[in-house]
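Participant: One structure, as structure tokens, below. Some questions next.
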Amino acid sequence: MSFEIIAQAIVSGLMTGLIYALIAAGLSLIFGLMNIVNFAHGEHLMVSMFASFWLWALLGLDPVFSIPITILLMALCGVLTHYFLIRFILKAKMLIQICATFGLSIFIRALAQFLWTPDFRNVDQPLLEGRIEIANVFIGQPQFFASLVCLAAFVMLYLFVTRTETGLALQATAQDREAAEILGIPSNKMFAIGWGIGLGCVGVAGGMMTNYFFIFTDVGVNFALFAFVAVALGGFGSIIGCLYAGIIIGLVESLGGLLIDPSFKLLYVFAIYLLVVIYKPQGLFGRY
Amino acid sequence: METVLDHARQEPVWNTNKKVIVALVALTLGLIVFPLFGPSPFYLHLMILIFMYAVMSQSWNVIAGLSGQISLGHGAFFGIGAYTSSVLYVQYGITPWLGILLGMVFAALVAIAIGIPMLRLSGHYFAIATLLIGISFQVVFQRWEMVGAASGLWIPLTEESSWLALQFHDSKAPYYYIFLAFFAVTYLLVWRLSNSKIGFRLRAVRDDYQAASSLGIDVSRYKIIAYVISAIIMAPMGSLFAQYILIVDPDRMFNLEISILVLLMTVLGGIGNIWGPLVGVAILIPISEYTRIYLGGTGGAVDLIFYGLILMLICVFRPAGLISFLPKHLLEREKHR
Amino acid sequence: MSILSVENLGKSFGGIRANHDISFDISPGEILGIIGPNGAGKSTLFDLITGYTRADTGKVIFDGNDITRMRPDRISNLGIGRTFQKLKPFADLTLLENVMIGSFARENNIKDARDKALEIIDFVDLIEKRHHFARELSTGQRKRLELARAMATEPKLLLMDEVTGGVDQKTIPGLVALIQKMKASGVTIATIEHNINIIMEVSDHILALDQGQRIAFGRPRDIQNNEKVIDAYLGTVDVA
């Protein structure tokens, strides 16, 4: 096996890893804020890809240009999710919370299948196409830009949460809902913002992936699983942990696929999850 | 003079509401004689599905309702049961009855292997792990050549109906009685379990694990016990279903819809209540089978839209499930006297 | 011979010393009162003894066993019962079922567990409420529930965390009488209390903590006159 092939796998692992990191960050933000795991996260990703796809198919907007619209749509979707579902189950048992978001995931996926059939779709001749070659390593342009945009979005998310007033208010609510309320931070509004931002992250990732990935109703399943693992790996609620965890998962996936068998990618990631849970259950990295 | 304490001591330890007991006995007798009236194969099939899903949902109710841990990939144990008995029969000629037992053993081993690392931690870790398990098993069996990979295995037909080979070609009635037996035994045993030391301690773990451990309960051990019992209940249904349709393949046996359905039916009926799963199954299975007949095959998508919707509505408006609409005194030990 | 001996116990959370170098002994059959201002480390001390928090330093010896860093359930099985400051009843179960879960620590049969639970519920004067769900009970009743549940495990030592805190004035005498009744039944007790009058009334010895450290230990009369205690605690709180 040549050095180039391994380098190729590492580069592509890094690139997908950055995308996983952003998707996981959205999940982690919501979890850290209200202790609820969004089991519909993958379906939200699928919706964002379809949004981007239809903007292209119906309006002729290239996915790159429609990114702001996709983000806004997804943020709106997040706020609506909070408004119509999550706010009713804030005080419910964890059992009921899991069932509710799981129900949402079933609902969204089946509805998408009903509306759009399970067919595979893709964007023809997007603006970002082709690949560049650096030292015998090929880098797909759309993948490269997608990972760059996701990294940039990740950095912005991190700065937002740690440096802005709203971000600090989010953190305060995450740490102690009641105390934050006393300080005049309305938790319900914070939760809605958290859902908006969390799914906004998914909008960025989904919009960029539309450039090169097949769009179909089950597309979110694996991404969501990897995001769940990334959140556990990075430490539940930690955002910066998602970055490292996403990259680790991206690398394990692509190197495992190269060295062993690509059809068992899920199992390698599952194996990491098991190892982390057994040896370092608090996650590899701390909170925020 | 009789004190309140003396009076309390004479109260029955569990529900002895005569109406409930009479109703249960009548129901059992009714189910036993039902095939004698010569119902059409469709009704027998419907009842078989109801028994099967009632057991499967009860299995989920044990882990989720009794111990409070959510399993999102419970179909894995169904598939393990189905494949164990079928592979043993197809490749080694071992009777499915033994296969059922071994399927239970395998399911228990898998539950232990997953439960030991995952159930020490908060429920989210376990829920995510179970989601991964559900999908991993499907992926592995789709590519595992020895068990027929994606196309699965056909169970060879015996020339005549045979109890040893667990195949009946002339009538569905024997299948009906086998599923009925498993259903009755499962519900009886789970009822015994929930009224035992283990059942009480599991409910303690579910309601407050810290308080539970202050009372000498090894929390992770009890969660694992619940998971293993749950897996053992689930596996035989896979084996029996394989014998019923005489084929095993990954898409049917490790279908993610199984995991969704057992969860949905239990939550719909009433999670944590022994009769909850039965209520959910008795409502959903006939609706789903009738719509299949009258509306034709919808490809599952429409069903799932409603399943998802129902699940969310129940979680928001009636987390205790439909059974909570029934008068309380029928369901619990007599209270508030 | 002491039933519990705590030696140089210490625990820090992120640089803050919640407990530092705490030592004391409890003799069988007595009531030890633990006092100190908010944040003095009283509840942390209970969590360290019962295994809910892992000690950084020091040792806890109970009844001849080293129980430092042991799991809570094993400590309970050795014979230490406890209640929680922030109450933790099994909300969806009845009072009787709550206490039965306690009695299952020593019983295997459901009837035996039930009968024992009934006796203890009668002992804490809640027998009329036995079939009420825990969530339907008042705060004072839930405190009794926790006491009954812990008593049902037949502990040799019972740790009570603010049994009289947060309940209305009328129910306090009943709870005090209950504590004395429990002592009379032979259980050794350590109790955290904010109410100075109660602690002086029931305790045989008093341990005073401030900022995670032991500042005094002795008979109630000595503690009352101890200057450190007056400075740290009595001085800052209005003594009714």
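The values are calculated or read from the model by the stated rules, or taken from the named source; none is laboratory data. Fair warning: this is a prediction, and the values are worked out from it, not measured in the lab. Virtual Cβ from ideal backbone geometry, glycine too; neighbours counted across all protein chains shown.
Participant: Can you find a residue in the stretch B:194-207 that is within 30 Å of B:GLN243 (Cα to Cα) and either within 14 Å of chain C (Cβ to nearest Cβ) or modelled with pLDDT of 90 or more (or both)?
Facilitator: no
Participant: Can you give me the number of residues within the stretch A:64-78 that are surrounded by fewer than 20 Cβ atoms within 10 Å (Cβ to Cβ), within 17 Å of the chain's Cα centre (by Cα) and touching a residue at least 40 places away in the same chain (Cβ under 8 Å)?
Facilitator: 2
Participant: With the condition kept exactly as written, say whether any residue in the stretch B:233-243 is more than 20 Å from B:TYR177 (Cα to Cα) and not hydrophobic (A, V, I, L, M, F, W, C).
Facilitator: Within the stretch B:233-243 (the criterion being more than 20 Å from B:TYR177 (Cα to Cα) and not hydrophobic (A, V, I, L, M, F, W, C)), the answer is no, since none of the residues qualifies.
Participant: Out of the helices (runs of 4 or more DSSP H) lying entirely within the stretch A:170-270, which hold 2 or more residues that are of a type in the set (A, V, I, L, M, F, W, C) and under 25 Å from A:LEU128 (Cβ atoms)?
Facilitator: A:187-209, A:219-234, A:240-259
Participant: Within the stretch B:46-69, is there a residue that is over 14 Å from the mean Cα position of the chain (by Cα) and either over 30 Å from B:ARG201 (Cα atoms) or in a helix (DSSP H, G or I) (or both)?
Facilitator: yes
Participant: Which of the helices (runs of 4 or more DSSP H) contained wholly in the stretch B:180-284 include at least 3 residues that are touching a residue at least 12 places away in the same chain (Cβ under 8 Å) and not polar (S, T, N, Q)?
Facilitator: In the stretch B:180-284, the matching helices (runs of 4 or more DSSP H) lie at B:197-207, B:219-245, B:250-253, B:256-269.
Participant: Further question on the same structure: From C:VAL167, C:VAL60, grab the single residue that is in contact with a Ser or Thr (Cβ under 6 Å, 6 or more places away or on another chain), among the aliphatic types (A, V, I, L, M), more than 19 Å from B:ARG206 (Cβ to Cβ) and assigned to a loop (DSSP other than H, G, I, E, B).
Facilitator: C:VAL167
Participant: Among the residues of the stretch A:241-255, how many are buried (at least 21 other Cβ atoms within 10 Å of the Cβ) and either more than 14 Å from chain B (Cβ to nearest Cβ) or free of Cβ contacts under 8 Å to residues at least 40 places away in the same chain (or both)?
Facilitator: Going through the stretch A:241-255 one residue at a time, the tally reaches 7.
Participant: OK, next. Could you grab me the full set of residues in the stretch C:139-179 that are modelled with pLDDT of 90 or more and either of a type in the set (S, T, N, Q) or more than 15 Å from the chain's Cα centre (by Cα) (or both)?
Facilitator: Within the stretch C:139-179, C:GLN141, C:THR153 meet the criteria.
Participant: Sticking with this structure for a sec: Given (1) in a strand (DSSP E or B); (2) within 20 Å of the chain's Cα centre (by Cα); (3) surrounded by fewer than 21 Cβ atoms within 10 Å (Cβ to Cβ), identify the lone condition not met by C:SER12.
Facilitator: Here C:SER12 clears every test but (2).
Participant: Given the criterion away from chain B (no Cβ under 14 Å), more than 17 Å from the chain's Cα centre (by Cα) and among the small types (Gly, Ala, Ser), identify the matching residue among A:GLY194, A:GLY184, A:GLY198, A:GLY203.
Facilitator: Within the list A:GLY194, A:GLY184, A:GLY198, A:GLY203, the selection yields A:GLY184.
Participant: Also, I was wondering about something else. Hey, among C:ASP122, C:ASP63, C:ASP115, C:ASP73, which residue is of a type in the set (D, E, K, R) and either more than 10 Å from chain B (Cβ to nearest Cβ) or touching a residue at least 24 places away in the same chain (Cβ under 8 Å) (or both)?
Facilitator: C:ASP63
Participant: Let me ask something else about it. Pick from A:ARG109, A:ARG121: which is closer than 29 Å to B:ASP303 by Cβ and surrounded by fewer than 22 Cβ atoms within 10 Å (Cβ to Cβ)?
Facilitator: Of A:ARG109, A:ARG121, the one residue that is closer than 29 Å to B:ASP303 by Cβ and surrounded by fewer than 22 Cβ atoms within 10 Å (Cβ to Cβ) is A:ARG121.
Participant: Out of all the residues in the stretch B:212-228, is one or more basic (Lys, Arg) and at pLDDT 90 or above?
Facilitator: yes
Participant: Something else now. Tell me, which residue of the stretch B:255-269 that is more than 9 Å from every other protein chain (Cβ to nearest Cβ) and closer than 13 Å to A:CYS99 by Cα is farthest from the chain's Cα centre (by Cα)?
Facilitator: B:LEU268
Participant: Has the stretch B:263-281 got any residue that is surrounded by 24 or more Cβ atoms within 10 Å (Cβ to Cβ), more than 15 Å from B:ASN61 (Cβ to Cβ) and in contact with a Pro (Cβ under 8 Å, 6 or more places away or on another chain)?
Facilitator: No, because not a single residue in the stretch B:263-281 is surrounded by 24 or more Cβ atoms within 10 Å (Cβ to Cβ), more than 15 Å from B:ASN61 (Cβ to Cβ) and in contact with a Pro (Cβ under 8 Å, 6 or more places away or on another chain).
Participant: Those residues that are part of a helix (DSSP H, G or I), under 16 Å from B:GLY216 (Cβ atoms), at the interface with another protein chain (Cβ under 9 Å from one of its Cβ atoms) and among the hydrophobic types (A, V, I, L, M, F, W, C), I need them from the stretch C:79-106; list them, please.
Facilitator: Matches in the stretch C:79-106: C:MET100, C:ILE101.
Participant: Within the stretch B:60-94, how many residues turn out to be away from chain A (no Cβ under 14 Å), on the phi < 0 side of the Ramachandran plot and not aliphatic (A, V, I, L, M)?
Facilitator: 11
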